[in-house]
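Q: Submitted below is the structure of interest, expressed as structure tokens.
The values are calculated or read from the model by the stated rules, or taken from the named source; none is laboratory data. A quick note: this is a predicted structure, and the numbers were derived from the prediction, not measured. Heads up, the Cβs are rebuilt from the backbone with ideal geometry, glycines too, and the neighbour counts pull from every protein chain shown. Each accessible area value is taken on the protein alone, full model and side chains, heavy atoms only, with ligands, DNA and RNA left out. Shrake-Rupley method; radii C 1.70, N 1.55, O 1.52, S 1.80 Å.
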Amino acid sequence: MAKLYRVILPVSDIEAAARFYGAVLGMAGTRVSPGRHYFDCEGTILACYDPAADGDRQPAMPNPDHIYLAVDDLEETYRKCRSINAAFLPGNMDGGAPAGAIAERPWGERSFYLKDPFGNPLCFVDRTTVFTG
């Protein structure tokens with residue numbers, strides 16, 4: 001059996017990514033290289049990766065599909081995401097789409113969708129409603 005242990009989030013500014021995700025996730029995370037900042041999400045690492053800061057040539061391209069994060073307080077996370085993401089909209093970063101409304105999905109999950117300041121699509125789900133099939 002395999003264990004998912006790391007998910008990469010491409011970012012164009014590692015310092016801004018560490019601030020954004022640190023505020024949204026409520027943890028400082030750990031800088032592991034000039035272009036990588038890791039957040040331990042209950043055993044799976046959410047890895048912000050800025051290729052330029054690590055000296056790599058490829059550009060930071062946003063993930064094409066959503067990353068789903070289960071949270072204990074969906075309303076508080078929604079509030080934080082709206083206010084934090086709004087603070088990141090000025091400047092030179094793409095993305096930063098406002099958080100969509102909290103909704104109950106047909107399969108029973110309560111969640112909301114947004115893009116981080118780097119264009120990565122995210123979904124935050126109320127932990128008590130997570131559907132795994």
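Q: Starting from the residue with the highest accessible area, list Asp54, Asp72 in decreasing order, probe 1.4 Å.
A: Output order, biggest surface exposure first: Asp72, Asp54.
Q: What do the square roots of 5 times the Cα gyration tensor eigenvalues come to for the chain, in whole Å, largest first, as semi-axes of the equivalent ellipsoid?
A: 24, 18, 13
Q: What does the accessible area of Thr129 come to, in Å² to the nearest 10, when a probe of 1.4 Å is used?
A: 30 Å²
Q: Here is a follow-up. Ordering Phe131, Phe39 by accessible area with a probe of 1.4 Å, largest first, what comes out?
A: I get Phe131, Phe39, largest accessible area first.
Q: Okay, next question. Can you give the accessible area of Lys3 in Å² (nearest 10), computed on protein heavy atoms with a 1.4 Å probe?
A: 140 Å²
Q: Using a cut-off of 13 Å between beta-carbons, work out the net charge of the residues near Cys48 (Lys and Arg +1, Asp and Glu -1, Cys48 not included).
A: Overall, the nearby charge balance is -2.
Q: Could you pull the Rg and Dmax for the range 1-63, using just the Cα atoms, both in Å?
A: Cα only, the range 1-63: 11.6, 36 Å (Rg, Dmax).
Q: Mind grabbing the accessible area of Ile45 for me, 1.4 Å probe, Å², rounded to tens?
A: Taking all protein chains as shown, Ile45 has close to 40 Å².
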